[in-house]
Structure formats: structure tokens, C-alpha cells
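Peer 1: Sending over a structure as C-alpha cells; questions will come in a sec.
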DNA sequence: ACTAAATTCGAACGAACGTTCGACTTATAG
DNA sequence: CTATAAGTCGAACGTTCGTTCGAATTTAGT
């Protein structure tokens with residue numbers, strides 16, 4: 001959780017001194033976001049009260065409102081930062097790789113690695129997807145759509161290259177389901193690490209989508 | 001949504017007349033559960049107020065408490081009924097089928113058919129899995145565990161019969177993810193019906209879990 | 001050291017929350 | 001028709017909610 005920085009906020013008047021990166025304000029806000037993420041993760045967005053957030057971050061109830069103007073905007077900041085980060089990491093990892101199968105594996109690994117390294121953030125992103133309204137909702141939805149389209153692109157490319165036949169939509173959404181559901185069951189003391197889970201899910205998904213598909217006629 | 005019946009409730013003193021099935025009480029409770037399910041589906045358990053439920057079911061706020069003694073118990077009744085029904089249907093459909101692959105296909109079809117026929121109930125079951133506490137939570141968790149174990153059994157049987165090698169836990173949980181995630185995206189105006197989606201997910205999952213697995217050594 | 005800006009907080013706001021109570025109305029059985 | 005039980009409701013309970021305000025404190029520039 002880091003550096004929401006300049007254009008991300010609107011609450012009080014901005015400090016006029018230009019060139020402040022990683023200011024006290026931004027650092028403190030980031031700390032609050034981290035604690036808030038944990039609380040939202042445990043109690044849900046609606047179930048978490050501002051007093052819970054106050055307690056968790058060690059700041060008074062009123063003090064929180066110096067950093068953001070509403071509980072909803074706080075959730076928005078968490079979701080936007082999380083989603084932006086995962087998309088940006090994906091893009092950088094995808095650079096220079098041209099084999100579509102390898103690209104899909106990277107997509108899965110990137111998603112699961114970030115998920116298991118930031119379980120609270122990702123649970124809040126996955127589980128509270130409907131909690132935001134209007135402008136906040138549509139801005140996060142836009143990032144989600146971009147992320148979704150990237151995955152569609154990879155699978156369409158895989159289909160084209162290998163002459164496969166399957167519904168891209170069902171495939172992509174099944175893959176997201178496999179991956180995102182992990183927040184309901186993953187236990188770091190019992191389950192393998194991200195790399196191995198990514199390998200196993202990747203095997204299931206890629207074999208499932210690739211083998212024998214060429215021969216199928218439509219309908220059945 | 002139907003017949004919570006005798007042992008399910010505790011609120012007021014029970015009508016002493018034995019042999020009442022489908023009484024006025026049970027019917028009205030079932031209606032309330034249906035409306036409450038829709039509201040919980042739309043606004044979430046925490047986000048839905050008793051006044052929302054009152055409005056949706058056309059009964060006064062106080063009147064609701066004649067049928068159940070708390071909001072939490074209402075959610076419990078919804079989840080327990082939904083989960084019990086889906087397990088019971090599965091068991092009856094599984095009877096007489098012995099081929100493990102066919103059994104897995106039936107499992108998937110049963111799950112998705114019920115999901116798409118009762119989207120609100122299933123969303124409330126999937127999305128509000130952490131909302132209940134203590135006794136309520138553990139009773140639903142017990143049914144979930146039974147359902148999970150059935151699926152594990154089917155996959156272990158498939159593994160044994162065909163000499164496959166994969167982590168049953170990861171496979172089962174991936175399958176649940178694929179299926180349960182559907183509440184976040186399925187649009188009846190755009191997407192296919194349960195039978196076809198079950199076929200496509202079944203293909204992906206079964207091919208993914210079956211093909212080539214025999215040859216793999218451990219570790220890699 | 002002085003000052004102005006940045007930061008923090010106690011106290012309170014009105015609204016909404018889940019739940020309860022006693023009185024009222026409707027249905028049922030004799 | 002009468003009496004008892006089942007069902008319903010308006011009004012209110014105490015609590016907690018998200019948010020605000022003005023005063024107090026801390027920080028940073030000179």
C-alpha cells in the first residue's frame with residue numbers, strides 16, 4: 001500500500017509547496033489505508049464502522065476525516081490502488097513475451113502472486129466489488145474492464161495460433177473464478193505458495209482449454 | 001423457497017395442534033424468506049436493514065419478528081434451506097450413476113442449474129458465507145463440508161480409476177471457484193443456459209484434470 | 001523564539017439501526 | 001355468537017452509525 005499522491009485526493013486544501021512526493025500526508029494516508037484494508041477484510045465494508053477504522057489505525061474518529069472525506073472514498077482508494085498496481089505489474093511482466101501460452105501462465109502467476117502477497121487488499125477488491133456507487137464504482141469498473149480485456153486478448157491469441165474452439169468469455173470468467181475464489185479457502189499454513197498453485201491452476205485451465213478442442217464441431 | 005417446518009424455528013410458542021405441514025405460518029415465513037433473499041442479494045446482509053425487508057415483504061417491521069427472532073436467524077434460514085436443497089438434489093441425481101467422470105459432470109450440472117434457477121439464494125449463500133456467527137455459522141459450515149467432501153470423493157474416485165495425478169484439494173476448490181464466481185457475471189440475456197455452461201465448464205475442468213496427468217512425475 | 005500552516009481530537013449532530021412492547025385486528029373452533 | 005389463539009402493527013426503546021465543528025496541539029519555515 002503506497003503513495004496515493006497528488007491527483008488522487010481532494011479533501012482539504014492541498015499543501016501549496018510543489019514537488020512533495022512521499023510527504024507526511026501521503027505516508028500517513030497510506031498507513032491508514034493499510035489498516036482500513038485489514039478491517040474491511042475482516043468485517044466487510046458495510047460491517048466495518050468508522051470507529052473500527054479509528055481504533056485499528058490508532059487515530060481519532062475525527063482525525064481520519066482530515067485524510068479522506070468519506071468511508072466510501074476510502075474503499076475507493078483501496079480498490080483503485082490495488083487494481084492499478086496489479087494491472088501495471090502484469091503489463092510489465094508481459095513485455096517481451098510473445099508465446100500466448102506463456103503469456104497466460106504469466107497472467108495467472110501474476111494474479112495469484114499478488115493475491116497471496118496482499119490477501120486483505122485482494123479480498124476487499126474481490127468481495128466488495130458492489131459496495132461502491134456511481135462515480136466511484138465506474139472508475140474501478142473501468143480498470144476491471146481493462147484487466148478483463150487483456151485476458152480476453154491473450155486467450156483469443158491462443159485460440160487463433162492453435163486453431164482452438166471454445167467460448168472466450170466462459171473461459172476467461174472461469175479462470176477469474178478459479179483464481180479469485182482463493183480468498184475463501186487459502187490457508188498459508190496448509191496450502192502451497194503462489195508459484196505452485198499458479199502452476200496447478202495453469203495446468204488445469206490450459207489443458208482444459210487446449211486439448212482436443214480443435215476437433216469439436218459446434219453445438220455439442 | 002419452501003417449508004422450513006417444525007423443528008426449524010423457535011420464536012413464539014408453537015401451535016399445539018400436531019400434524020400441521022404447510023400451515024399458514026410456514027407459508028408466510030417462506031414468502032418472507034423469498035423477499036428477504038432478494039434484498040440480501042441486492043444490498044448485502046449488513047447493508048440490508050430490517051426496514052428494507054419490511055418494505056419488500058409488505059409487512060410491518062414489528063410483524064416480521066413474529067416469524068423469526070433476529071435478522072441473523074433469517075439469514076441462517078435462507079442459507080440452510082438453500083444449501084440443504086442443493087445437497088439433497090445432488091444426492092438423488094447421483095444415485096445409480098457409477099462412472100466417476102459422469103458423476104463429476106452431474107455435480108457440475110446440478111450446481112449450475114440450481115445456481116441459475118435460484119440466483120438470489122445462491123448469491124446470498126456464496127457471498128454472505130462469513131456473515132453468520134457461532135452456532136449459526138457452524139451449522140451451515142457443516143453442510144458446506146459435507147458438500148465439499150462429496151466432491152472430493154468423486155474426484156478421488158476419478159483419480160483412482162484412471163491413475164491420474166493432481167491435488168484433489170486444489171482441483172475441487174478451483175472447480176468451486178469457477179462455478180460460484182458465476183454470480184458476479186452471469187447475465188441471462190447474454191449468457192447461455194445452465195446446461196451449456198455446465199458442459200463448457202465441465203469440458204475445461206475435466207480435460208484439465210485428466211489429460212496427460214498420468215505421465216507427470218511428482219514435484220514438477 | 002515566533003508564527004502560520006498542518007495535523008489531531010473531544011464532543012456533539014441527526015439519522016438510521018435492530019429489537020421490543022402492548023394494543024389492535026383477523027381467523028378459528030365450539 | 002363467543003371466546004381464545006394467531007397474526008399484525010404503530011410507536012418507541014437504547015445504541016450505533018457516518019460525519020462535522022471548533023478548539024487544541026504539533027510541525028516547519030524564518
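Peer 1: Can you confirm whether residue B:137 is closer than 27 Å to residue B:72 by Cα and away from chain A (no Cβ under 13 Å)? Break it down into steps so the answer makes sense when it comes.
Peer 2: On the way: closer than 27 Å to residue B:72 by Cα: yes; away from chain A (no Cβ under 13 Å): yes.
In short, yes.
Peer 1: While we're here: Taking residue B:113 as the residue in question, decide whether it is within 16 Å of DNA strand D (Cβ to nearest atom) and either farther than 30 Å from residue A:128 by Cα or in a helix (DSSP H, G or I) (or both).
Peer 2: no
Peer 1: Here is a further query. Select from the stretch A:61-96 the residues that are part of a helix (DSSP H, G or I) and either within 14 Å of chain B (Cβ to nearest Cβ) or more than 20 Å from the chain's Cα centre (by Cα) (or both) and list them in ascending order.
Peer 2: Within the stretch A:61-96, A:61, A:62, A:63, A:64, A:71, A:72, A:75 meet the criteria.
Peer 1: Follow-up question, since we're still on this one. Look at residue B:211 and say whether it is at pLDDT below 95 and within 8 Å of another protein chain (Cβ to nearest Cβ).
Peer 2: Considered against the rule, which asks whether it is at pLDDT below 95 and within 8 Å of another protein chain (Cβ to nearest Cβ), residue B:211 comes out as yes.
A quick yes/no check of all residues on (1) within 11 Å of DNA strand C (Cβ to nearest atom); (2) farther than 21 Å from residue B:180 by Cβ; (3) surrounded by fewer than 16 Cβ atoms within 10 Å (Cβ to Cβ); (4) modelled with pLDDT of 95 or more:
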| site | (1), (2), (3), (4) |
| --- | --- |
| B:1 | no, no, no, no |
| B:17 | yes, yes, yes, no |
| B:84 | no, no, yes, yes |
| B:92 | no, yes, yes, yes |
| B:112 | no, no, no, yes |
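Peer 1: Would you mention how many residues in the stretch A:97-124 are farther than 19 Å from residue A:196 by Cβ and more than 12 Å from chain B (Cβ to nearest Cβ)?
Peer 2: Filtering the stretch A:97-124 for residues farther than 19 Å from residue A:196 by Cβ gives A:97-100, A:103, A:120-121, A:123-124.
Restricting the remaining residues to those that are more than 12 Å from chain B (Cβ to nearest Cβ) gives A:97-100, A:103, A:120-121, A:124.
Count: 8.
Peer 1: So is residue A:146 within 21 Å of residue A:97 (Cβ to Cβ), assigned to a helix (DSSP H, G or I), more than 10 Å from chain B (Cβ to nearest Cβ) and in contact (Cβ under 8 Å) with a residue 40 or more places away in the chain or not?
Peer 2: Criteria met by residue A:146.
Peer 1: Name the one entry in A:198, A:192, A:142 that is out of contact with any strand residue (DSSP E or B) (no Cβ under 8 Å at 6 or more places or on another chain), within 21 Å of residue B:179 (Cα to Cα) and outside the structural domain of residue A:40 (by TED's automatic domain parsing).
Peer 2: A:198
Peer 1: May I pose another question? Being out of contact with any strand residue (DSSP E or B) (no Cβ under 6 Å at 6 or more places or on another chain) and modelled with pLDDT under 95, is that true of even one residue in the stretch B:124-134?
Peer 2: Of the stretch B:124-134, the ones out of contact with any strand residue (DSSP E or B) (no Cβ under 6 Å at 6 or more places or on another chain) are B:124-134.
Adding the requirement that they be modelled with pLDDT under 95 leaves B:134.
Within the stretch B:124-134, one or more residues are out of contact with any strand residue (DSSP E or B) (no Cβ under 6 Å at 6 or more places or on another chain) and modelled with pLDDT under 95.
Peer 1: Test each condition in (1) more than 7 Å from chain A (Cβ to nearest Cβ); (2) in a helix (DSSP H, G or I) for residue B:170 and report the one that comes out false.
Peer 2: Evaluating residue B:170 over (1) more than 7 Å from chain A (Cβ to nearest Cβ); (2) in a helix (DSSP H, G or I) leaves (1) as the failure.
Peer 1: Still on this structure, I have one more. What number of residues within the stretch B:42-57 satisfy the criterion of being surrounded by fewer than 20 Cβ atoms within 10 Å (Cβ to Cβ) and assigned to a helix (DSSP H, G or I)?
Peer 2: Residues that pass the stated criteria total 8.
Peer 1: Within the stretch A:65-79, track down each residue that is surrounded by fewer than 20 Cβ atoms within 10 Å (Cβ to Cβ) and in contact (Cβ under 8 Å) with a residue 12 or more places away in the chain.
Peer 2: Once the filter is applied, which keeps residues that are surrounded by fewer than 20 Cβ atoms within 10 Å (Cβ to Cβ) and in contact (Cβ under 8 Å) with a residue 12 or more places away in the chain, the stretch A:65-79 yields A:65, A:66, A:69, A:71, A:72, A:73.
Peer 1: If you don't mind, there's one more thing I want to ask. Quick check, is residue B:164 outside the structural domain of residue B:43 (by TED's automatic domain parsing), over 20 Å from the mean Cα position of the chain (by Cα) and farther than 16 Å from residue B:45 by Cα?
Peer 2: Yes, satisfied.
Peer 1: Consider residue A:165 carefully, then state whether it is at the interface with another protein chain (Cβ under 10 Å from one of its Cβ atoms) and surrounded by fewer than 16 Cβ atoms within 10 Å (Cβ to Cβ). Lay out the reasoning, then the answer.
Peer 2: Numbers: at the interface with another protein chain (Cβ under 10 Å from one of its Cβ atoms): no; surrounded by fewer than 16 Cβ atoms within 10 Å (Cβ to Cβ): yes.
No.
Peer 1: Quick one: what pairs do we get from the stretch B:46-60, first residue more than 14 Å from every other protein chain (Cβ to nearest Cβ) and farther than 14 Å from residue B:74 by Cβ, second at pLDDT 95 or above and within 9 Å of DNA strand D (Cβ to nearest atom), C-beta under 7 Å, 6+ apart or different chains?
Peer 2: Hits for this filter: B:60/B:54.
The values are calculated or read from the model by the stated rules, or taken from the named source; none is laboratory data. In this text, all values refer to a predicted model and were calculated from it rather than measured experimentally. With ideal geometry, Cβ positions are generated from the backbone for all residues, glycine too; neighbour counts draw on all protein chains shown.
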